[in-house]
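Here's the structure, in C-alpha cells; my notes come after.
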Amino acid sequence: MIPCPISEEGIHQIPQETLETIRSIHHFVVERSKTTRKFIKSCEHPIAQSDLTVFELDKNNPLNGLHDFLAFANAGHSIGVVSEAGCPGIADPGSLAVSWAHKNNIEVAPLVGPSSILLALMASGMNGQNFVFHGYLPVKKDELIKKLKFLESQIGRNNQTQIFMETPYRNHGLLESVFKTLNPSTKLCIASSLGNVDQWIYTDSIKNWKKQQFDIHKKPSIFLIGNQ
C-alpha cells in the first residue's frame, strides 16, 4: 500500500524507505494510470515505464479484470497499490485489492506517507481520540442539511470530530449549507491545498467563520466540525 503525494510538489513528503520499496516493484494497481506513472518517474524508478505493468481500476466497475491482474501476487511478485493522492484504501477503491489479498493469504504491507485526512485532523485542534471520516456528503440540499444536523448531534453526544470532503468546485456551496445549518458555537476547521505552497488551515466557530473573507473554490479541502 503505497502513499503518494497529495500535491504536485509533494514528492518530499514520501519517506526514503517508501521510495526504496517503490523502486523494487514492477506491478501496480492504481486509481489513475497517468498520475501514478508521473509519480513513479519522480521516484527515480530504475525500470523503464514501458517495462512496468500498471492496472488502472475501472471507475464504474473496479473489479473488472482485477482478480486476473492480482495473479501476479500468486506468482510471487510484489504489487503496489497507489491512490490518486495520499494513502490507498482510504477514500479510494484500493481496498478492493487488499480485500482480495486477505482472502488469498497474500501479505499486505502499508507504507508510510501523507494522508490529507490525518494531516487535517492533526492541525485542527479537535478531538483526535474519537473521530469519523464520512467522505462526500449528499449533494441534494435537503439530504445535506439532514446529514449536517446528524453530524453536529454526534459532536455533542459523543465528543466526536466529524470529517468530510467535497468536490473542489462545490466547496462554497457546501459551506453555504454549513453556515446556515450548524450552531454558531460549533467549531469548523478548513484544511485547504494541503502540501501545496498555498496550504491554508484554520479553525474557528461558525459564528466567526461567517465574518471571514476567503476563497477555496476549486481547491482540494478537508472539512472538520467538532469541539475545540
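None of the figures in this text is laboratory data; all of them are computed from the coordinates on show. Only a predicted model underlies this, so the values are computations on that prediction, with no experimental measurement involved. Methodologically, a virtual Cβ is constructed for each residue, glycine included, from the backbone with ideal geometry; neighbour enumeration extends over all protein chains shown.
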- Message: Apply the Karplus curve 6.51 cos²θ - 1.76 cosθ + 1.60, θ = phi - 60°, to the phi angles in the stretch 173-190 and return the couplings in whole Hz, x for Gly and Pro.
- Response: x, 4, 5, 4, 5, 4, 5, 7, 9, 7, 4, x, 8, 5, 8, 10, 10, 10
- In nm, what is the difference between 0.36 nm times the number of residues separating Phe150 and His26 and their Cα-Cα distance? 40.1 nm
- A correct fewest-to-most ranking of Val81, Val132 by other Cβ atoms within 10 Å would be Val132, Val81
- Note on the structure: Around Pro46 (Cβ within 14 Å, Cβ-to-Cβ, excluding Pro46; K/R +1, D/E -1) the net charge comes to -1
- Residues Phe72, Phe179 arranged by fewest to most Cβ contacts within 10 Å: Phe179, Phe72
- Query: What does the charge count near Lys141 come to, summing +1 for each Lys or Arg and -1 for each Asp or Glu among other residues with Cβ under 15 Å from its Cβ?
  - Reply: +2
- Item | DSSP beta bridges in the chain [antiparallel fraction, %, rounded to 5] | 55
- Query: Rg to Rh ratio, the stretch 11-103, alpha-carbon atoms and Kirkwood radius?
  - Reply: 0.93
- Item | Calculated diffusion of the chain, Stokes-Einstein form, Kirkwood radius summed over Cα pairs, 10 °C and 1.306 mPa s, µm²/s | 83
- Message: Using the Kirkwood formula on the Cα atoms of the stretch 1-60, what hydrodynamic radius do you get, in angstrom to one decimal?
- Response: 12.0
- Please work out how much length the chain gains when fully extended from Lys218 to Ala75, using 0.36 nm per residue of separation minus the C-alpha to C-alpha distance, in nm with one decimal. 47.2 nm
- Item | Other-chain or far-sequence residues with amide H under 5 Å of Phe55's (modelled H) | Phe28, Val29, Val30
- For the Val139, Glu17 Cβ pair and Förster radius 30 Å, calculated FRET efficiency rounded to 0.05 is 0.15
- Query: Expressed as a whole number of Å, what is the distance separating the alpha-carbon centroids of the stretch 160-228 and the stretch 84-107?
  - Reply: 29
- Once you have the Cα-Cα distance between Val112 and Ser185, take 0.36 nm times their residue separation minus that, and quote the gain in nm to one decimal. 22.7 nm
- Item | Counted charge near Gly173, where neighbours are those whose Cβ lies closer than 15 Å (Asp, Glu -1; Lys, Arg +1) | +2
- Which of the lysines could a cross-linker span from Lys211 if the Cα-Cα distance has to be under 25 Å and same-chain partners fewer than 8 positions apart are dropped? Lys141, Lys146, Lys147, Lys149, Lys180, Lys187, Lys219
- 10 Å Cβ shell holding at most 14 others, DSSP loop, GluC sites (Glu not before Pro): longest site-free stretch of the chain: 108-228
- Message: Quick check: pseudo-label points 7 Å beyond the Cα along Cα→Cβ at Glu9 and Lys103, how many nm apart are they?
- Response: 4.4
- Message: Output wanted: per-residue J couplings in Hz (rounded whole) for the stretch 66-74, from phi through Karplus 6.51 cos²θ - 1.76 cosθ + 1.60, θ = phi - 60°, x for Gly and Pro.
- Response: 5, 4, 5, 5, 5, 4, 4, 5, 5
- Task: List the equivalent ellipsoid semi-axes of the stretch 160-228 in whole Å, largest first, each obtained as the square root of 5λ for an eigenvalue λ of the Cα gyration tensor.
- Result: 18, 13, 12
- Compute the Rg to Rh ratio over the stretch 46-92 from the alpha carbon atoms, using the Kirkwood formula for Rh, and round to two decimal places. 0.97
- Message: For His217, His26, which order do you get if you count the other beta carbons within 10 Å of each Cβ and list the fewest first?
- Response: His217, His26
- Task: Go ahead and set up a Gaussian network model of the chain, Cα springs under 10 Å, then flag whichever of Asp92, Asp204, Asp51 fluctuates most.
- Result: Asp51
- Please report, largest first and rounded to whole Å, the three semi-axes of the ellipsoid equivalent to the stretch 68-135, where each semi-axis is the square root of five times an eigenvalue of the C-alpha gyration tensor. 29, 11, 10
- Taking every DSSP bridge whose two residues both lie in the stretch 11-103, the antiparallel percent to the nearest 5 is 0
